Amino acid sequence: MSVNLRALAAKVCFAVVDQGRSLAEEIPKQAAKVEGKDKGLLQELCYGVLRYLPELENHVRHLMDKPLKGKQRVCHFLLLVGIYQLKYTRIPDHAALNETVSATGNIKCRHLKGLVNAILRSYQRNPEVSTNSLTEPVNYNHPGWFINKVKSAYPNNWQSILSANQSRPPMWLRVNNRQFNASQYLKMLEASEIEIADQDEKSGALKLASAIDVNKLPKFDVGAASVQDAAAQQSARLLGCQPGDLVLDCCAAPGGKTCHMLELTPDIEQMTAIDVDESRLVRVQENLDRIKLEAKLIAGDATNPESWWDGQLFDRILLDAPCSATGVIRRHPDIKWLRKADDIKALVDLQAQILKKMWSLLKPGGTLLYATCSILPDENSEQIQQFLATQTDAELVELPEYQGSLGWQLIPGEQDMDGFYYAKLVKTK
Ligand SMILES: C[S@@+](CC[C@H](N)C(=O)[O-])C[C@H]1O[C@@H](n2cnc3c(N)ncnc32)[C@H](O)[C@@H]1O
């Protein structure tokens with residue numbers, strides 16, 4: 001039987017929503033079965049269904065009496081793939097319908113072929129649903145618990161945050177300062193007819209007008225530029241490594257920020273990059289190799305430095321903590337369905353534990369930058385407030401970016417950046 005792209009997309013969405021797997025794990029498995037442009041379409045369909053999951057499910061609920069259950073769940077996701085194409089893509093309706101209906105044969109649901117055909121045609125005839133009774137999850141395409149959390153943290157702009165999460169993220173570039181400054185690289189992009197839409201003043205990050213294959217970027221293969229959101233590009237500047245520093249990046253994989261610090265400060269005495277996930281350290285090494293940078297990589301647990309630390313205190317520590325990733329939903333729409341309300345407390349506890357341990361590895365007078373890609377105060381300002389209340393030798397370094405808040409909370413979509421949080425802490429002597 002030939003491969004059917006819609007069937008592959010339905011399998012990916014089933015694996016994410018019903019089995020708790022990530023898009024990053026599941027798409028490559030299915031994408032390996034198709035060629036060229038089809039890989040892009042597979043990604044588009046999976047991301048699209050996960051962006052609009054409650055809304056698409058609401059359509060299905062209106063069109064059939066009983067939702068598909070058990071062994072028929074993959075077919076439920078096939079229906080969502082079908083409606084997504086009809087509602088949000090430029091794929092001609094007849095092609096979307098034919099391909100989706102024939103996908104039933106690829107997911108062991110041939111007996112549901114007539115049903116899938118009937119539901120999709122009925123949606124096509126009457127795509128409207130009454131908007132009067134829509135629940136908030138359906139209206140905003142986010143889980144209810146999360147909408148409530150965003151509402152309480154951001155009473156004035158919660159809707160714009162949810163809407164930014166639904167947008168397609170831009171491609172931001174980081175220019176390798178060891179090789180070129182931003183304006184030199186900008187000229188090289190212009191010469192290659194690659195259009196720039198914006199530049200972040202603070203970090204020099206360049207926003208492309210549209211995403212392109214990285215291999216088309218000038219000198220990408222020799223490390224002249226990397227892909228990294230402008231929010232993440234603030235970290236190296238804020239930590240401000242100096243020549244001669246011993247630096248620790250204690251949650252380093254895949255290494256974007258490790259590389260950035262080394263690019264900005266070539267004379268760092270030593271960069272130690274650790275991560276608990278050994279397999280992810282391979283990505284750090286690949287990034288270092290492409291840019292021709294060096295760091296000491298250790299597979300280690302930041303809650304247990306006794307098992308890997310050599311006893312030398314660090315001048316600077318970057319703690320880019322494991323977090324809810326609620327600031328990067330536009331890049332990873334699966335986060336909305338993988339993350340559960342109960343996860344937040346466990347993450348906050350883990351972050352507090354890592355912060356306390358890493359603080360003990362910092363020299364008196366040293367600096368630690370705490371960062372997350374979360375927008376939840378529990379993991380950010382409240383975490384830091386709690387730390388400052390108990391750690392008497394810790395002080396928050398005042399930065400203009402804070403604007404009166406405890407730390408710098410970047411909101412998704414603000415200047416078209418990801419949501420991020422930074423707090424710069426210094427150890428008193
Ligand atoms: C937000 S990501 C880091 C991103 C990275 N700093 C970058 O810019 O490319 C968080 C990382 O923390 C790692 N991590 C989670 N728990 C950890 C622990 N207890 N000790 C060390 N690393 C941990 C995860 O494996 C993950 O790679």
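Near Ile375, the amide H atoms lying under 5 Å from its own belong to Thr326, Gly327; only residues 5 or more places off or on other chains count, and H is placed 1.01 Å from N.
Of the peptides 406-412, 37-43, 74-80, the order by per-residue mean of other Cβ atoms within 10 Å, starting with the highest, comes out as 74-80, 406-412, 37-43.
The string of couplings for the stretch 102-110 from the Karplus curve (6.51, -1.76, 1.60, θ = phi - 60°) is 6, 5, 4, x, 8, 10, 6, 10, 4 Hz, one whole number per residue in order, with x for Gly and Pro. Counted by Cβ distance under 11 Å from Tyr422, the other residues give a net charge of 0, where Lys and Arg count +1 and Asp and Glu count -1. Each peptide in 231-243, 378-390 gets a packing score, the mean of other Cβ atoms within 10 Å over its residues, and the list from highest to lowest is 231-243, 378-390.
Its residues counted as N, the stretch 184-233 yields a C-alpha radius of gyration over 2.2 N^0.38 Å of 1.07. Dipole magnitude for the chain: computed about the Cα centre from +1 point charges on Lys and Arg Cβ and -1 point charges on Asp and Glu Cβ, it is near 1780 debye. Convex hull volume per residue, computed on the Cα atoms of the stretch 307-429, equals 120 Å³.
For the chain, modelled as a GNM whose springs connect Cα atoms under 10 angstrom apart, the maximal fluctuation among Ile335, Ile375, Ile196 occurs at Ile196. Spatial offset of the stretch 17-96 relative to the stretch 362-429 amounts to 38 Å, using the alpha carbon center of each.
Here the calculated FRET efficiency for Thr89 and Lys429, from their Cβ-Cβ distance with R0 = 41 Å, stands at 0.10, rounded to the nearest 0.05.
Provide the net charge surrounding Asp213, with neighbours chosen by a C-beta distance below 13 Å and charges set as Lys +1, Arg +1, Asp -1, Glu -1. Around Asp213, the charge tally is +2. The count of lysine pairs in the stretch 234-427 that are at least 8 places apart or cross chains, and whose C-alpha atoms lie under 17 Å apart, stands at 11. With K and R counted +1 and D and E -1, the other residues having a Cβ less than 10 Å from that of Ile329 yield a net charge of +3. Counted residue by residue at 0.36 nm each, then reduced by the alpha carbon distance between them, the extension gain from Asp310 to Ser133 reaches 57.6 nm.
Which whole-angstrom value gives the distance between the alpha carbon centres of the stretch 145-206 and the stretch 261-276? Cα centres, the stretch 145-206 to the stretch 261-276: 24 Å. Isolated cysteines in the chain, defined as those with no second cysteine Cβ under 4.7 Å, comprise Cys13, Cys46, Cys241, Cys250, Cys251, Cys259, Cys323, Cys373. For the residues Thr131, Thr367, Thr265, a GNM of the chain with alpha-carbon springs under 10 Å puts the largest fluctuation on Thr131.
The slack between Lys151 and Ser122, meaning 0.36 nm per residue of separation minus the straight C-alpha distance, is 6.8 nm. A dipole drawn for the stretch 172-227 from +1 and -1 charges on Cβ atoms has a positive end, and of Asn176, Ala205, Pro218 the residue lying farthest that way is Asn176.
Each Cα pair under 8 Å and six or more residues apart adds its sequence gap; the mean of these over the residue count of the stretch 79-133 is a relative contact order of 34 percent.
For a straight C-alpha distance cut-off of 13 angstrom, the aspartates and glutamates reachable from Lys11 (same-chain residues fewer than eight places away being disregarded) are Glu25, Glu26. Phi angles across the stretch 194-207 convert, under the Karplus curve 6.51 cos²θ - 1.76 cosθ + 1.60 with θ = phi - 60°, into 3J(HN,Hα) values of 9, 8, 9, 9, 6, 9, 7, 4, 5, 9, x, 4, 10, 9 Hz, Gly and Pro given as x. For the stretch 5-140, the convex hull spanned by the alpha carbon atoms encloses 110 Å³ per residue.
Which one of Ser22, Ser324, Gln228 is farthest out on the positive end of the charge dipole of the chain, using unit charges on Cβ (Lys, Arg +1; Asp, Glu -1) and the Cα centre as origin? Checking the options against the dipole of the chain, the answer is Ser22. In a DSSP loop and with at most 13 other Cβ atoms within 10 Å, the trypsin sites (Lys or Arg not before Pro) in the stretch 88-154 are Arg90, Lys108.
In the chain, the C-alpha radius of gyration followed by the widest Cα-Cα span (Dmax) gives 23.5, 74 angstrom. Loop-resident GluC sites (Glu not before Pro) (DSSP state other than H, G, I, E or B) in the stretch 228-279 with no more than 13 further Cβ atoms inside 10 Å of their Cβ: Glu269. Here each label is just a point 7 Å from Cα along the line to Cβ, and for Lys187 and Ser2 those points are 5.1 nm apart.
Surface composition of the chain: carbon plus sulfur atoms hold 48% of the accessible area, using a 1.4 angstrom probe and ignoring ligands, DNA and RNA. Packing here is the average count of other Cβ atoms within 10 Å per residue, and on that basis the peptides 393-402, 55-64, highest first, run 55-64, 393-402.
The values are calculated or read from the model by the stated rules, or taken from the named source; none is laboratory data. Quick caveat: nothing in here was measured; it's all calculated off a predicted structure. As a convention, Cβ positions derive from the backbone with ideal geometry for all residues, glycine included, and neighbour counts pool all protein chains shown. Side chains are part of the model used for accessible areas, which takes the heavy atoms of the whole protein and leaves out ligands, DNA and RNA. Shrake-Rupley method; radii C 1.70, N 1.55, O 1.52, S 1.80 Å.
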